[in-house]
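The values are calculated or read from the model by the stated rules, or taken from the named source; none is laboratory data. Just so it is clear, the model here is predicted, and its values are computed rather than measured. Backbone-built Cβ (ideal geometry, glycine too); neighbour counts: all protein chains shown. Note: areas computed on protein heavy atoms with side chains; ligands, DNA, RNA excluded. Shrake-Rupley method; radii C 1.70, N 1.55, O 1.52, S 1.80 Å.
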Amino acid sequence: MIYKIFISVLILNAVICSQEKNPEAILEKVKIEYEKVEDYQVDVKIKVDVDFLKMPDREATIYYKKPDKFHIDSENFAMLPKSGLNFSPLGFLNYKYTAFYEREDTVNGILTSVIKVIPLEGDADVILSSFWVDTKRNLILKVESSRKPQGTYIIDLKYLKTSEGFWLPSTLVFSFTVDRSLLPRRFNEPDASESKQKTNDPEKTETGKVYLNYSNYRVNAGLTDEFFESMIKKK
């Protein structure tokens, strides 16, 4: 009798373990968590640390409506990769893909499951992405992604619980690498301090970081498609 109970416990643990390490199930729970948010408006403080784009710290307002409508109400952000600033798991996972459970890892003291995702659609701009998922809250704490032609980037996230009860980012650090040849000509003009070797290097890449601090979320307030269309017309 004791032996049968012992075997039953082992089988139950194996089933639970296999479920916890099922990458498709982990990502599906993440999508369900984020799909609770229909739209939001949030104030954000932005600090940019990019060699080719000198700009002061500034404040802005971000508007989002699922699955992919996004607007940042601020100037001089045309040159920054939007795939990090408009972070949403729905944007990363809205195509056919195959997922692999890689390992467990710790992010800021939180145990996470690392999931690799490879798109199956030839026209997807994502080459490969890795997600560090907090499986207790079903939140993505870190992303590493390679996209064409933007290059590679890393997103590190911390969260707060809004007054409406939703987990949304409180801080986001967006680290990226971009091919210098993809930048507009004015960003490739050499400074007097640059060496000839540096300016003539066609393979040079540029790196940078963008720091975002979020506050004053207004969630599921009913932002409409017409609102985003009107914001685009104002540009």
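Numbers for the structure displayed
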| read-out | value |
| --- | --- |
| Summed side-chain charge close to residue 41 - residues other than residue 41 whose Cβ falls under 14 Å, Lys, Arg +1, Asp, Glu -1 | -2 |
| 29 Å Cα-Cα threshold exceeded, pairs from 21/65; 54/136; 45/66; 45/96 | 21/65; 54/136; 45/96 |
| Computed accessible area, residue 32, all protein chains, 1.4 angstrom probe, square angstrom | 90 |
| Using θ = phi - 60° and Karplus 6.51 cos²θ - 1.76 cosθ + 1.60, couplings along region 160-165 (whole Hz; Gly, Pro as x) | 10, 9, 6, 5, 7, x |
| Surface accessible to a 1.4 Å probe, residue 227 within the full protein complex, Å² | 50 |
| ³J(HN,Hα) computed for each position of region 63-68 - Karplus, 6.51 cos²θ - 1.76 cosθ + 1.60, integer Hz, glycine/proline x | 10, 9, 9, 5, x, 8 |
| Ranking by accessible area, most exposed first, for 54, 21, 31, 116 with a 1.4 Å probe | 54, 21, 116, 31 |
